[in-house]
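Enquirer: Mind having a look at this structure? Questions to follow.
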Amino acid sequence: MSDIKFSVGLWTVNWGGADPFGTATRHLEDNPIASVYKLAELGVDAFTFHDNDIYPIEADSTFRQKRINELKKAMQETGIICEMVTTNTFSDPLFKDGAFTSPSRNVRRFGLKKIIKQIDLGAELGATTFVMWGGREGTEYDNSKDLYDSHARYAEGIDTVAAYIKQKGYNMRIALEPKPNEPRGDIFLPTIGHALALIGTLDNKDIVGLNPEVGHEQMATLNFTHGIGLAMYCDKLFHIDLNGQNGPRYDQDLVFGHGNLIQSFFTVDLLDNGSPNGGIKPYTGYRHFDYKPSRTETTKGVWESVIGNMKTYKMLSQKAKAYRADPRTQDLFAQAGYNEINIPTLAPNESISDFLAKDQSFSETSEASEYDRGYVQLHQIALEHLIS
Ligand SMILES: [Mn+2]
């Protein structure tokens, strides 16, 4: 447990509650840096931020530097660190049709410079991950954009940034954050799988991975635990956004565990313990919370929700450990076939022609259809650990 580290985005706790149907419901501190002190006080190990979380897009260099100095002071005084940075390429009207995939070359060039500026700042502050959420990269209509050139410009943008990181020698990797929709009708790179496919085409794919968010995959009706399982299989889980979501609807950004709880349990189990056969190693990165304290909450509720995220994670972590250590679980893993799925289907050095020459009769293998895998009992044991 002690090696698990938590981080929180400044945009989460500094969200005033404004949504598409209403204005802010909470009074925020004039200076967003105040929240860094509060996060440190609550025992959060690290924070993350967009450039415009600490200064507005129109800020001059003097004001920008003033805020950076205040941020560094907060880090020195509290010991909290900055583990990830990201760039806001979605709020300003100029990004209404994307940054890397905007039809306007001027917007794309402005967006690229804005991103690189934040990467320089992140490196200066010690951040090792740069997250790219292309919230405005997409369309409302299928004929709005040339789909070859849009993906080519997206890939070009990512590759250019990755090449810059390498050229500067920064200890930093890029993590793409998929989301299916909202704010765009359809966002490019909508899921973990889509993003992995584009990463495979990049020149600098070695330093580009993923920052999957629980709710974003679940908005697309996908299984988040399976998604990060694939990302970890591909060595591409570079960062993670933990939160809560109740199925396919608007992006709820609830506290971690406040949505699909049993899936949260299996997510924690995979992150903390790896896969049962050891192919997926335990995740060593920050457990990052990207959520929105509900609009109904006052400032008090904001800080309670920060604590809630960490407390739930720790509780699930303990329960996942107990589930794995339970002898019934280990017996049922064997019954479920865990000790057979790890044996390759072909024998060592078995050629495809040798394989085809051997008899594999239907009657020999039909007994498999009657084999009791005990999946329901295994799941019941997990549930009992979860609610005990
Ligand atoms: Mn979200």
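Enquirer: Which chymotrypsin sites (Phe, Trp or Tyr not before Pro) in the stretch 1-35 pass both tests, a DSSP loop state and at most 16 other beta-carbon atoms within 10 Å?
Expert: 21
Enquirer: Counting each DSSP H run of 4 or more residues in the chain as -39500 (n - 2.57), what helix-only mean residue ellipticity at 222 nm follows after dividing by all residues, to the nearest 500 deg cm²/dmol?
Expert: Values: 16 runs with 178 residues, N = 388.
Only helices count here, giving -14000 deg cm²/dmol.
Enquirer: Continuing with this model, one more query. On a full-extension model of 0.36 nm per residue, what is the gain between residue 105 and residue 37, subtracting their alpha-carbon distance, rounded to one decimal in nm?
Expert: 20.5 nm
Enquirer: Could you please state how large a percent of the accessible area of the stretch 40-126 is carbon and sulfur, counting protein chains only and using a 1.4 Å probe?
Expert: The nonpolar share, carbon plus sulfur, comes to 51 percent.
Enquirer: Carbon and sulfur together cover what percent of the accessible area of the stretch 198-343 at a 1.4 Å probe radius?
Expert: Numbers: 3490 of 6280 Å².
Carbon-and-sulfur percentage of accessible area, whole number: 56.
Enquirer: So how do 82, 234 rank on accessible area, 1.4 Å probe, biggest first, that is with the largest at the start? Show your work: numbers first, answer last.
Expert: Values: 82 0, 234 55 Å².
From most accessible down to least: 234, 82.
Enquirer: Give the separation of the Cα centroids, the stretch 321-357 to the stretch 1-37, in Å.
Expert: The two parts, judged by their Cα centres, are 45 Å apart.
Enquirer: May I ask which of 236/281; 96/145; 117/166; 205/236; 38/73; 5/117 have a Cα-Cα span longer than 18 Å here?
Expert: Table pairs above 18 Å Cα-Cα are 5/117.
Enquirer: Here's another thing I want to ask about it. Order 258, 239, most accessible first, counting only protein heavy atoms with a 1.4 angstrom probe. Mind dumping the intermediate values first?
Expert: Numbers: 258 110, 239 5 Å².
The ranking, largest first, comes out as 258, 239.
Enquirer: Can you say what percent of the DSSP beta bridges in the chain, counting only those with both residues inside, are antiparallel? Round to 5.
Expert: On the way: 4 of 29 bridges.
Around 15 percent of the beta bridges assigned by DSSP in the chain are antiparallel ones.
Enquirer: By its C-alpha gyration tensor, with a ≥ b ≥ c as the square roots of the eigenvalues, how is the stretch 6-320 shaped: rounded for a/c under 1.5, else prolate for a/b larger than b/c, else oblate?
Expert: It is rounded, given that a/c, with a ≥ b ≥ c, falls under 1.5.
Enquirer: Please list the non-local residues whose amide H lies under 5 Å from the amide H of residue 287, H modeled 1.01 Å from N, same-chain partners needing a gap of 5 or more.
Expert: Amide H neighbours of residue 287, under 5 Å, 5+ apart: 5, 6, 7.
Enquirer: Here is a further query. What distance in nm separates the simple spin-label points at residue 352 and residue 314, each placed 7 Å from Cα in the Cβ direction?
Expert: Those two pseudo-labels are separated by 5.5 nm.
Enquirer: When all protein chains stay in place, what accessible area (Å², nearest 10, 1.4 Å probe) is found for residue 369?
Expert: For residue 369, the solvent-accessible surface is approximately 100 Å².
Enquirer: Where does the charge balance sit around residue 301 when Lys and Arg score +1, Asp and Glu -1, over other residues with C-beta under 15 Å from its C-beta?
Expert: Around residue 301, the surrounding residues sum to +3.
Enquirer: Below 8 Å between Cα atoms, with a sequence gap of 6+, how large is the relative contact order for the chain in percent?
Expert: 14 percent
Enquirer: May I pose another question? At 1.4 Å probe radius, can you tell me the per residue accessible area of the chain in Å²?
Expert: Here the per-residue accessible area is 50 Å².
Enquirer: Say R0 is 45 Å: what FRET efficiency, to the nearest 0.05, do residue 343 and residue 60 get from their beta-carbon distance?
Expert: For R0 = 45 Å, the calculated efficiency reads 0.10.
Enquirer: Now a separate question. How much accessible area does residue 371 have with a 1.4 Å probe, in Å² rounded to the nearest 10?
Expert: About 120 Å², rounded to the nearest 10.
The values are calculated or read from the model by the stated rules, or taken from the named source; none is laboratory data. What you see is a predicted model, and the numbers here were worked out from it, not measured in a lab. Cβ coordinates were reconstructed from backbone atoms using ideal geometry, including for glycine residues, and neighbour counts include every protein chain displayed. Ligands, DNA and RNA are excluded from the accessible area calculation, which covers all protein heavy atoms including side chains. Shrake-Rupley method; radii C 1.70, N 1.55, O 1.52, S 1.80 Å.
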